[in-house]
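Novice: Got a structure for you, written out below as structure tokens; questions coming shortly.
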Amino acid sequence: YIRVFLLRVYQSEEQTMEWNVLFFLNSALLGVGLAMDAFSVSLANGLNEPHMGKSKSCGIAGVFAFFQALMPMTGWICVHTIVEYFHAFETFIPWIALILLAFIGGKMVVEGIRSRGEDVEKTKLGFGTLMVQGIATSIDALAVGVTFSIMPDVNIFLSILLIGSITFLFALAGVKIGNLFGDRFEKQTGILGGCILLAIGVKILLEGLGIIG
């Protein structure tokens with residue numbers, strides 16, 4: 001009996017370990033997928049402001065990480081509270097992201113064209129613009145919270161912690177890469193950064209409409 005009991009305990013622990021590894025891997029891969037938009041926008045920010053300080057770079061990464069973790073949690077809460085209104089709002093999510101990113105990206109392109117060939121100081125990334133970017137790149141992650149709500153035994157807090165941490169690293173890497181190339185091609189970076197934001201907005205819209213996976 002002792003041998004049978006120990007065998008069952010071992011099998012139970014083995015299954016739990018497999019589940020924990022699978023859960024961690026799935027959350028990490030999900031975090032990478034969600035972080036790609038933040039990486040691209042951070043790249044655009046780095047291009048537009050090549051001489052950005054370390055504290056501001058970390059601040060940008062922190063804002064993207066915060067919103068990328070906040071949105072799945074918000075979606076999870078909405079499913080458990082105002083589910084009917086939330087499902088109606090989901091339709092507008094891709095359009096909101098497109099409008100926000102198109103506004104910021106279009107502004108960057110216009111400023112880049114105006115300052116081309118002139119020694120005009122570029123507009124630095126402000127707090128308000130950063131907040132808009134954080135919301136725009138993470139708002140589609142609201143749907144992730146819906147997925148979490150229907151999955152059994154999901155640790156929502158651990159999931160959003162992993163997603164936020166991965167987003168922070170990707171966003172920080174994006175800023176640094178943008179700084180590197182922005183310093184070399186300073187005249188064209190404003191236009192390029194704006195085009196990146198516009199492209200991300202279109203991508204989010206096409207994904208929301210189911211045109212691309």
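Novice: Between LEU29 and PHE157, what is 0.36 nm times their sequence separation minus the Cα-Cα distance? Round to one decimal in nm.
Specialist: 44.5 nm
Novice: So, R0 is 22 Å and r is the distance between the beta-carbons of ILE211 and GLU90; what FRET efficiency does that work out to, to 0.05?
Specialist: 0.85
Novice: Okay, next question. Obtain the nm distance between the two label points defined at LEU22 and ALA143 by a simple spin-label model: each point lies 7 Å from its Cα along the Cα-to-C-beta direction.
Specialist: Here the modelled spin labels are 2.4 nm apart.
Novice: Ordering ASP37, ASP140 by how much accessible area each has at a 1.4 Å probe, largest first, what is the list?
Specialist: Output order, biggest surface exposure first: ASP140, ASP37.
Novice: Assuming R0 = 25 Å, can you tell me the calculated FRET efficiency for the pair SER165 and ILE135, based on Cβ-Cβ distance, to the nearest 0.05?
Specialist: Calculated transfer efficiency: 0.80.
The values are calculated or read from the model by the stated rules, or taken from the named source; none is laboratory data. Source: prediction; values computed, not measured. Counting neighbours? That spans all protein chains shown, and the Cβs are built from the backbone with ideal geometry, glycine included. Ligands, DNA and RNA are stripped out before the accessible areas are found, and what is left, the full protein with its side chains, is counted by its heavy atoms. Shrake-Rupley method; radii C 1.70, N 1.55, O 1.52, S 1.80 Å.
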